[in-house]
Amino acid sequence: MNGGGGIAVGMATNIPPHNLGEVIDAALHVVDNPDATADDLMAFVKGPDFPTGATILGTSGIRDAYRTGRGSIRMRAVAEIDEGKRGDQRIVVTEVPYQTSVEVIGTKIAELVNDRKIEGIRDVRNESSGDTTRLVIELKRDANAQVVLNQLWKHTPMQTNFAANMLALVDGVPRVLTLDAAIKVYVDHQIEVITRRTQFRLKKAQDRAHIVEGLVKAFDVLDEIIALIRGSEDTEASRAGLMAAPFEFSEVQANHILEMPLRRLARLEQQKLRDEYDELQRTIADLTAILESDERKREVIRTELGEVREKFADERRTLITMDTGDLSDLDLIEDEEVIVVLTSKGYIKTVAADTFRRQGRGGRGVRGQALKDGDYVEHLLTTTAHSYLLFFSNRGKVYRLRAHEIPMKERTARGTAVVNLIALGPEEKVQAVIDTRTYEDGTYLFFATKRGQVKKTKMSEYDSSLRTGLIAINLKDDDELVRVVQTDGKSDIFMVSRNGMTIRFSEEDVRAMGRAAAGVRGMKLKNADDAVVSCDVARDDAVMLFVSSSGHGKRTKLDRFNQQGRGGQGVRGMRITASRGGVVAAFTVLPDDEILVFSSTGNAVRIATKDISSQGRDATGVKVSSVGEGETVVAVAPVLDGSDGDEE
């Protein structure tokens, strides 16, 4: 975190400083995942974080340093072209690269101007004061500010390189460390520190417990001890008597008994010693448990690092920007619009955005993709190739991928098993997908579970999500995550159960919680066989759409549902009958929206929501999708691309 340079003659090390919060996050990940690679940890440690701020150009040097232990990191001052009081242009420098200074930069600029290597500079002033950095470079009227700035990048310390050399002494041996190796060495060292510290504390507690045990035991035979001491010729005789039968105190205990002042004989003092002995026994048991368990030692590391992070971590000062000469794989991929399709059996693919065609209400649809028996399309959204997607599983974990990392397939192709892309568990499936492009639409993620629990968490809590997964919500064993939606923190929330019950309450009734919190009750289910199937956010001019498993659907105005406190049973939102089946999907739609209705055989029907009848809360709906014998509607997804496609 502090960085460092130099070891001894013939050995050079140059470790850049880093952000405390990022390094602790990486260390905590290594504690939980000892086999983490440097690439895994780069999701936490973005790069060096210099106390002087400035910017780092590109990530190639950072990647080299973290993967191999050596890399050249290009740093650049923060400068902007400003206009002076008389209309003249000037360059104002507010942050400088690490290990340089405003004075050095100013002196170098003056030398270049005097040698006529840079033209167009009229004056240079150092206006820095205290912790504020400010270097003002006044330009001549005919000077091109951008040209002058480019010359300053090239010829002055306003742009420098930091030659990272991650050399360190490990067990007395010099080693060049990668990012993962460095943090693993630190974690191993912390385990050793905790082991030795705990052994010391345990020995100290055991010694004190031995003494206190003797004093407590002495109170039970106090009269006999007093008689022994009064009858002894000297201290040595008293000590020998205490160590012999019937007392059999140890030498240490006997010494403390003899040194005990008379005031300790008070009843209150006796109780204090008994309380101290009980507390020491609890301490000894806890310290022994730590020494016997590697997991307890790692738990201590988590706790202590978490406390340090909470108390001392601050925001990153050094901004990492793109270097025009530093192209990553992402730069070579066109940021085109794609549709992400994920099936209930866990097959995922991206397809061209114009794949699906609009149809009239009640149509049979077209074959969406080749599916296994019992499989169906469960998630579909439009995004761009560069965008991050957050995958939330039914077990409450979150995973992150870029859309371009999902293989692109033909419309009829099955796709790739999602477990090949993210580390899902044996009984785990993706329950919600969030496109992070829509971050500006809401700063919170709102979670709803099958048993009616809800939780609201800032979206920024999931910035460090990995394809290996992080806890998104803490669930009970019999519960599952149903839906995740983005909110602004002030909206009304709708929750709908399989039996058609619907509740509307203010999102402000749910306080923001941390990433691993369990949440609070949002909806009380009347019947044990009922379950929450969906939740959504109220939108202006929107209506609630309900679709049942028989292919019937309806739209109902939001004002038909009165706001109530969270935790209630709600009111009937759609009448459910034996022939119509339960509610499969319910969410808000606008007049110009379209939906895709998926059947159990894999057929997909695209329908404009305005073609679906508007009905009251007690209605059963109209036919929106024709299903064959033994076929049911299993999923409904909004169409997000807005393209009309071809009419059929």
*Can you give the charge dipole size of the chain about its Cα centre, rounded to the nearest 20 debye, using +1 on the beta carbon of Lys and Arg and -1 on the beta carbon of Asp and Glu?*
1480
*Which whole-percent values make up P(r) of segment 78-157 when all C-alpha to C-alpha distances are grouped in 10 Å steps starting at zero?*
18, 58, 23, 1
*Ordering of 546-554, 389-397 by burial proxy (mean other Cβ atoms within 10 Å per residue, highest first)*: 546-554, 389-397
*Rotationally averaged projected area of segment 494-648 (alpha carbon convex hull; nm²)*: 10.6
*asked:* Cut-off under 23 Å on the C-alpha distance; same-chain residues fewer than 8 positions from LYS203 excluded. Which lysines are left, in chain and number order?
replied: LYS217, LYS272, LYS297
*Dipole in debye (nearest 20) - segment 35-123, about Cα centre, beta carbon charges: Lys, Arg +1; Asp, Glu -1*: 240
_Along the charge dipole of the chain, pointing to its positive end and built from +1/-1 on Cβ of Lys, Arg, Asp and Glu, which listed residue (THR577, LEU401, GLY567) has its Cα farthest out?_
THR577
*asked:* Percent of Cα-Cα pairs more than 19 Å apart in segment 51-116, please.
replied: 52
*Would you mind ranking MET260, MET523, MET42, MET544 by Cβ crowding within 10 Å, fewest neighbours first?*
MET260, MET42, MET544, MET523
*Please list the non-local residues whose amide H lies under 5 Å from the amide H of MET501, H modeled 1.01 Å from N, same-chain partners needing a gap of 5 or more.*
GLY573
*Determine, from the Cβ-Cβ distance of ALA12 and SER101 and an R0 of 22 Å, the FRET efficiency 1/(1 + (r/R0)^6), rounded to the nearest 0.05.*
0.45
*Obtain the nm distance between the two label points defined at ASN420 and ALA578 by a simple spin-label model: each point lies 7 Å from its Cα along the Cα-to-C-beta direction.*
4.6
_Descending semi-axes in Å of segment 513-597, equivalent ellipsoid built from Cα gyration tensor_ = 23, 18, 14
*asked:* Please compute the modelled spin-label separation between VAL92 and ASP115, points set 7 Å along Cα→Cβ, answer in nm with one decimal.
replied: 3.0
*Would you work out the charge dipole size for segment 188-310 about its Cα centre, treating the Cβ of every Lys and Arg as +1 and the Cβ of every Asp and Glu as -1, and quote it to the nearest 20 debye?*
300
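Are there trypsin sites (Lys or Arg not before Pro) in segment 58-102 that DSSP puts in a loop and that have at most 12 other Cβ atoms within 10 Å, and which ones? The partial results should precede the final answer.
Working: sites: ARG63, ARG67, ARG70, ARG74, ARG76, LYS85, ARG86, ARG90; in loops: LYS85, ARG86.
Sparse-neighbourhood loop trypsin sites (Lys or Arg not before Pro): LYS85, ARG86.
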*When the C-alpha atoms of the chain are aligned to their principal axes, what extent does each axis show, in angstrom, from largest down?*
115, 87, 46
*Past 28 Å, Cα to Cα, is the threshold; run LYS46/LYS108; LYS526/LYS557; LYS409/LYS554 against it and keep the listed order.*
LYS46/LYS108; LYS409/LYS554
*Hey, what do the phi angles of segment 159-170 turn into as Karplus ³J(HN,Hα) couplings, whole Hz, using 6.51/-1.76/1.60 and θ = phi - 60°, x for Gly and Pro?*
9, 9, 10, 9, 7, 6, 9, 7, 8, 8, 8, 10
*asked:* Can you find, among VAL78, ASN114, VAL102, the residue sitting farthest towards the positive end of the charge dipole of segment 78-157, where Lys and Arg contribute +1 and Asp and Glu -1 at Cβ?
replied: ASN114
*Along Cα→Cβ, 7 Å out, is where each label goes; now give me the distance between the ones at ARG134 and LYS203 in nm to one decimal.*
5.9
_Above-threshold pairs, the threshold being 18 Å between Cα atoms, out of LYS397/LYS524; LYS349/LYS458; LYS456/LYS490_ = LYS397/LYS524; LYS349/LYS458
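Between GLN564 and SER613, how high is the FRET efficiency from 1/(1 + (r/R0)^6) when r is the Cβ-Cβ distance and R₀ = 25 Å? Nearest 0.05.
0.40
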*asked:* Only counting other Cβ atoms within 10 Å, I'd like ASP477, ASP171, ASP278 sorted with the fewest neighbours first.
replied: ASP477, ASP171, ASP278
*Under Karplus coefficients 6.51, -1.76 and 1.60, residue-wise ³J(HN,Hα) of segment 94-101 in Hz, glycine/proline x*: 10, 9, 10, x, 4, 6, 10, 8
*Convert each backbone phi in segment 570-582 into a coupling constant with the Karplus relation 6.51 cos²θ - 1.76 cosθ + 1.60 (shift: θ = phi - 60°), then list the ³J(HN,Hα) values in order as whole Hz, x for Gly and Pro.*
x, 10, 5, x, 8, 6, 10, 10, 4, 7, 8, x, x
_Sequence gap at least 6, Cα distance under 8 Å: using those rules, report the relative contact order of the chain to the nearest whole percent._
11
*Near the amide H of ASP323, under 5 Å away, which other amide H atoms are found, from residues 5 or more places off or on another chain, if H is placed in the peptide plane?*
GLY58, THR59
*Label point 7 Å beyond Cα of ALA227 along Cβ direction - residues of segment 241-273 with amide nitrogen under 18 Å*: 241-249
*Around THR13, which amide H atoms from residues at least 5 apart in sequence, or from another chain, sit under 5 Å from its own amide H, with H modelled in the peptide plane?*
GLY6, ILE7
*Using the beta-carbon distance between ASP540 and ARG263 and R0 = 60 Å, what value does 1/(1 + (r/R0)^6) give for FRET efficiency, to the nearest 0.05?*
0.20
*Where N is the number of residues in segment 188-310, Cα Rg divided by 2.2 N^0.38 Å*: 1.42
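Read-outs: derived from the displayed coordinates by stated rules, not from any lab. Please read these numbers as outputs of a predicted model, since none were measured by experiment. Positions of Cβ are generated from backbone atoms using ideal geometry, with glycine treated the same way; all protein chains shown enter the neighbour counts.
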